[in-house]
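The values are calculated or read from the model by the stated rules, or taken from the named source; none is laboratory data. Note that the structure is a prediction, hence the values are computed from the model and not measured. Backbone-built Cβ (ideal geometry, glycine too); neighbour counts: all protein chains shown. Heads up: the accessible areas ignore ligands, DNA and RNA and are worked out on the full protein's heavy atoms, side chains in. Shrake-Rupley method; radii C 1.70, N 1.55, O 1.52, S 1.80 Å.
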Amino acid sequence: MKKNLFILILFNFSLLFGQIKIAYTKSFSSMPLLYMMENYLSVDDKELQFYSCSDTKDMVKKLLNNQIDICLLPVSVIAKMSQSGNDKLICLGVSQQSNFYIVTKNQNLNDLQTLQEEKIYLEGQDSITDVISKFYLSNTDLSFDYSYSNSQIPSLIINDKILYGILPEPYASICQNYDLQTIRTYPLNNFIQEESNQSYPIMLLTVKKSFLKENTESINSFIQIFSESCRNIIESPESCADLLQKYNFYLDYQDAVLAIKSLTFEFIQANQAKEDIEKVIKLYLEKTLENTEINLP
């Protein structure tokens, strides 16, 4: 009888509070969610439950199968889903922005002519890094090689295995930090325009449309603590580096501190960043797909 009563109490507790199910992957972009997982148990009357996913595909699958409610998705994934007509998700805003850098030991990289007939390494064909790179380097006769990941390219440059790589943050800063005297980073947009360090929205906080409709107030509260988490990461990189160690991100502590300092964690709500998001999505679709009509929910 006592056991049945205990189960009944737990059942009623779950009904009373409800849940927000949040997914994350072991990537730098998940830092705000790791901070929330460490510091917040609930939002309003909703318990926060966090689920580790093996990769982005796993996360999207769980999201579309109603196994999770909220996650961070790369802008390239949102672009593909937008083009396919998927209307089950809502973009809440931008969680991370980045520029993209040519990283090299060549200290005489003054213009695009230097790159003629060179091979340059970057992660993932049709990734957002690939699309932005081809946008800026379209007038060069160079070849793109996708053999290595962002985490592998820095060591290959450091050890003179390759000469050129294109990296987003934090990998560009981590690479340069190993040898500040010889390794250089060049923002891609510097080669064709005067403005420097233009950043692009690369990670978007995304929620199921049905969940948002039924839990608008809770999602608004979630956004507030998510935004606070982004600010706290920037203000306390050392303590956040400890979190990466705690959750087995397999990164040297000093590299973790540098990575956090180089990242742009700032939550910008979708209605304020709509133009920038749609611009990147349209560019992505122009380079990878035929349909460039954008109607961001």
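Numerical summary
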| read-out | value |
| --- | --- |
| Answer from ILE68, ILE120 - the residue that is over 18 Å from PHE265 (Cα atoms), open to solvent by less than 10 Å² (accessible area, probe 1.4 Å) and touching a helix residue (DSSP H, G or I) at 6+ places or on another chain (Cβ under 7 Å) | ILE68 |
| Residue satisfying all of: in the range 71-105; of a type in the set (Gly, Ala, Ser) and in a loop (DSSP other than H, G, I, E, B); most open to solvent (accessible area, probe 1.4 Å) among these | SER84 |
| When residues of the range 123-144 are limited to those that are open to solvent by 30 Å² or more (accessible area, probe 1.4 Å) and not in a loop (DSSP other than H, G, I, E, B), the one nearest to ILE281 (Cα to Cα) | PHE135 |
| Positions within the range 258-282 being in contact with a helix residue (DSSP H, G or I) (Cβ under 8 Å, 6 or more places away or on another chain), at pLDDT below 85, of a type outside the set (D, E, K, R) and more than 17 Å from MET36 (Cα to Cα), in sequence order | LEU258, ALA259, SER262, LEU263 |
| Lone qualifier among ASN271, ASN248 - being in contact with a Lys or Arg (Cβ under 9 Å, 6 or more places away or on another chain), open to solvent by 70 Å² or more (accessible area, probe 1.4 Å), not basic (Lys, Arg) and not in a strand (DSSP E or B) | ASN248 |
| Top-ranked residue in the range 204-225 [being over 22 Å from VAL60 (Cβ atoms) and hydroxyl-bearing (Ser, Thr, Tyr); ranked as most open to solvent (accessible area, probe 1.4 Å)] | THR216 |
| Selection count, the range 151-195, where residues are in a loop (DSSP other than H, G, I, E, B), modelled with pLDDT of 90 or more and surrounded by fewer than 18 Cβ atoms within 10 Å (Cβ to Cβ) | 5 |
| Check on GLU228, open to solvent by 20 Å² or more (accessible area, probe 1.4 Å), free of Cβ contacts under 8 Å to residues at least 24 places away in the same chain, farther than 27 Å from PHE100 by Cβ and not aliphatic (A, V, I, L, M) | yes |
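Residues are listed down the side, and each one gets a yes or a no for (1) among the hydrophobic types (A, V, I, L, M, F, W, C); (2) over 30 Å from ASP160 (Cα atoms); (3) in contact (Cβ under 8 Å) with a residue 60 or more places away in the chain:
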{"position": "GLY93", "(1), (2), (3)": "no, yes, yes"}
{"position": "VAL103", "(1), (2), (3)": "yes, no, yes"}
{"position": "ASN106", "(1), (2), (3)": "no, no, yes"}
{"position": "ASN110", "(1), (2), (3)": "no, no, no"}
{"position": "LEU115", "(1), (2), (3)": "yes, no, no"}
{"position": "THR129", "(1), (2), (3)": "no, no, no"}
{"position": "SER138", "(1), (2), (3)": "no, no, no"}
